[in-house]
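The values are calculated or read from the model by the stated rules, or taken from the named source; none is laboratory data. Since this is a predicted model, take the numbers as computed values, not measurements. Please note: Cβ atoms are built from the backbone with ideal geometry, for glycine as well, and neighbour counts cover all protein chains shown. SASA here: full protein model, heavy atoms, side chains in, ligands and nucleic acids out. Shrake-Rupley method; radii C 1.70, N 1.55, O 1.52, S 1.80 Å.
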Amino acid sequence: RRASDRFFGDLKMLPLFRELLRQRLPVTVYNPPIHDPAQWADLFADYLELARENPRFRFCQGLDIDKIIPRLNGGFHFGLMLYHYGSTLKVGKDHLAGALPSKLFVYLAAGLPILTSPELEQVAEFVEREGVGAVIAREDLPRLGKILAGVDYAALLVNVTRAQRRWGFEEVNAGTIDHLHDLVAASPPP
């Protein structure tokens, strides 16, 4: 089975990426930080195939948290959290509806406005309340390019900066990363 089926295949990411690419919107995906290239090629064959088929799709080696934030900063327009899942969701609708995934905070720390789906209820509420992105319904995906053309991107960036200050990213980020590295270093190997 391919990675799109093994890793949250019920979130249907490849169809989403294909829809964005159809609209000539570029998509870059960083896989989880797997450091064994043989494993990477086996697990993510479908993503690698899409990258070969479409030059607007880039599939990149995953990075640790202290490297991904600077890589994202200034290199992209939006962070994607468009998870339009169906009734076969294995993780549980309530789990995703109530979750605030770490990806949200990585994108904000990197200065990226966020595109999310209404199914991620807590994320959607946060994005709307803070004005740091847009909530995109599944039925609006075919017009995403047109929707984004009408977004006041400069205002989103101002709001992202405001959210960074409000949530203390400048002060907390380095210390948090150091603390996480200490925890990992102190953990016995599995």
>> Cβ contacts < 9 Å: first residue modelled with pLDDT of 95 or more, restricted to region 45-63; second residue exposed (fewer than 13 other Cβ atoms within 10 Å of the Cβ) and in a helix (DSSP H, G or I), any location; separation 6+ or different chain. Result?
In response: none
> Between residues in region 121-140 that are in contact (Cβ under 8 Å) with a residue 40 or more places away in the chain and residues that are of a type in the set (Val, Ile, Thr) and outside any strand (DSSP E or B), which pairs lie under 8 Å by C-beta distance while being six or more apart or on different chains?
Replying inline: Gly133/Val127; Ile136/Ile147
> What pairs can you find where one residue is in region 16-27 and closer than 15 Å to Phe78 by Cα, the other is surrounded by 15 or more Cβ atoms within 10 Å (Cβ to Cβ) and of a type in the set (Val, Ile, Thr), and their Cβ atoms are less than 6 Å apart, with a gap of 6+ or different chains?
Replying inline: Phe17/Val27; Leu20/Val27
> Could we say that Pro70 is out of contact with any helix residue (DSSP H, G or I) (no Cβ under 6 Å at 6 or more places or on another chain) and either open to solvent by less than 30 Å² (accessible area, probe 1.4 Å) or in a loop (DSSP other than H, G, I, E, B) (or both) here?
Replying inline: no
>> Scan region 75-85 and tell me whether some residue there is more than 30 Å from Gln164 (Cα to Cα) and either among the charged types (D, E, K, R) or modelled with pLDDT under 75 (or both).
In response: no
> If you go through region 25-40 one residue at a time, do you hit one that is at pLDDT 90 or above, closer than 18 Å to Asp140 by Cα and more than 15 Å from the chain's Cα centre (by Cα)?
Replying inline: yes
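Each row is one residue, and each column tells you yes or no for (1) surrounded by fewer than 21 Cβ atoms within 10 Å (Cβ to Cβ); (2) among the hydrophobic types (A, V, I, L, M, F, W, C); (3) in contact with a Gly (Cβ under 9 Å, 6 or more places away or on another chain).
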site: Thr116; (1), (2), (3): no, no, yes
site: Glu130; (1), (2), (3): yes, no, no
site: Gly133; (1), (2), (3): no, no, yes
site: Leu141; (1), (2), (3): yes, yes, no
site: Ile147; (1), (2), (3): yes, yes, no
site: Leu157; (1), (2), (3): yes, yes, yes
> When region 29-62 is examined, which residues are found to be over 24 Å from Val106 (Cα atoms) and open to solvent by 80 Å² or more (accessible area, probe 1.4 Å)?
Replying inline: Pro37, Gln39, Asp42, Arg52, Glu53, Pro55
> Are any residues in region 19-28 touching a strand residue (DSSP E or B) at 6+ places or on another chain (Cβ under 7 Å) and either in a helix (DSSP H, G or I) or surrounded by fewer than 13 Cβ atoms within 10 Å (Cβ to Cβ) (or both), and if so, which ones?
Replying inline: Leu20, Leu21
>> Of all residues being surrounded by fewer than 23 Cβ atoms within 10 Å (Cβ to Cβ), in contact (Cβ under 8 Å) with a residue 12 or more places away in the chain and under 16 Å from Trp167 (Cα atoms) in region 98-112, which is nearest to the chain's Cα centre (by Cα)? Just the residue, please.
In response: Lys103
